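First up is the structure itself, then whatever we jot down about it.
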Amino acid sequence: MNQTYREAYEAAAKELDSLLIEQDRIEERILSLRKTMNALATLISQHGGKDKDFMDYAGARLREIIDTSLTEDIHKIVATAAQPLTASEIRTELRELGNGLAEQSNPLATIYAILNRLSESGRAHETVKDGKKAWERMSRMAEAFGQLKRKGLPPENANVLPGMK
C-alpha cells in the first residue's frame, strides 16, 4: 500500500515538474507578446491621424487583458532571461513591455529596490556580470530550499520536495 502511495506521489511530482516547465514557456511567450503589442502600438500612434491617441487605448487594453505589477514584471523578466541581467537591462526590458516607468522619479532606484526584495525573498539571485550587479532566476531547487528555510523547517525535511528521494 505504501508503495502505491509513493508511486502516486512520484507521478504527481513528475506532472508538476512538467507543468512548471510549460508555465515557464508560457510566461516567456506572454512577455514576447506584450513587447510586440507595445511596439505595434507605438508604430500605430506615430502614424498620426485618428490613431494619434492609440497608446492610451493600447495601455488600457493591455491592463484589461493582464493585471500585473512592476514587481511581477521584474520577476518575470529575471525568471525568463537566459542569462543574468543588470538593472539597466531590466529597465530596457520594462520599456519594451510598455511598463509605466515614466511615473517613477528614479526608475533605476525603484528597480534596484525591487530586485533586492526579490533576492531577499529567494525569488532572484544576485550575481556579477561584466563587473556590475546582475540578477538571475534562482533554480527551482534553491527556491524550494529557501521556502523551507523561511518556514523554519530543518534541511532534513528537504526530502518532501518533488523529485527528491
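Go through (1) assigned to a helix (DSSP H, G or I); (2) within 24 Å of residue 135 (Cβ to Cβ); (3) in contact with a helix residue (DSSP H, G or I) (Cβ under 6 Å, 6 or more places away or on another chain) for residue 24 and report which single condition fails.
For residue 24, the exception is condition (3).
Does region 101-115 contain any residue that is within 11 Å of residue 31 (Cα to Cα) and part of a helix (DSSP H, G or I)?
Among the residues of region 101-115, not one is within 11 Å of residue 31 (Cα to Cα) and part of a helix (DSSP H, G or I), which makes the answer no.
Any chance you could count how many residues in region 41-58 are within 11 Å of residue 98 (Cα to Cα) and at pLDDT 80 or above?
3
I want to confirm something. Restricting to region 63-78 and keeping residues that are surrounded by fewer than 19 Cβ atoms within 10 Å (Cβ to Cβ) and hydrophobic (A, V, I, L, M, F, W, C), which single residue is farthest from the chain's Cα centre (by Cα)?
So the residue we want is 65.
Evaluate region 60-70: report whether one residue or more is modelled with pLDDT under 95, under 30 Å from residue 13 (Cβ atoms) and not hydroxyl-bearing (Ser, Thr, Tyr).
Yes, region 60-70 contains a residue that is modelled with pLDDT under 95, under 30 Å from residue 13 (Cβ atoms) and not hydroxyl-bearing (Ser, Thr, Tyr).
The values are calculated or read from the model by the stated rules, or taken from the named source; none is laboratory data. Source: prediction; values computed, not measured. As a convention, Cβ positions derive from the backbone with ideal geometry for all residues, glycine included, and neighbour counts pool all protein chains shown.
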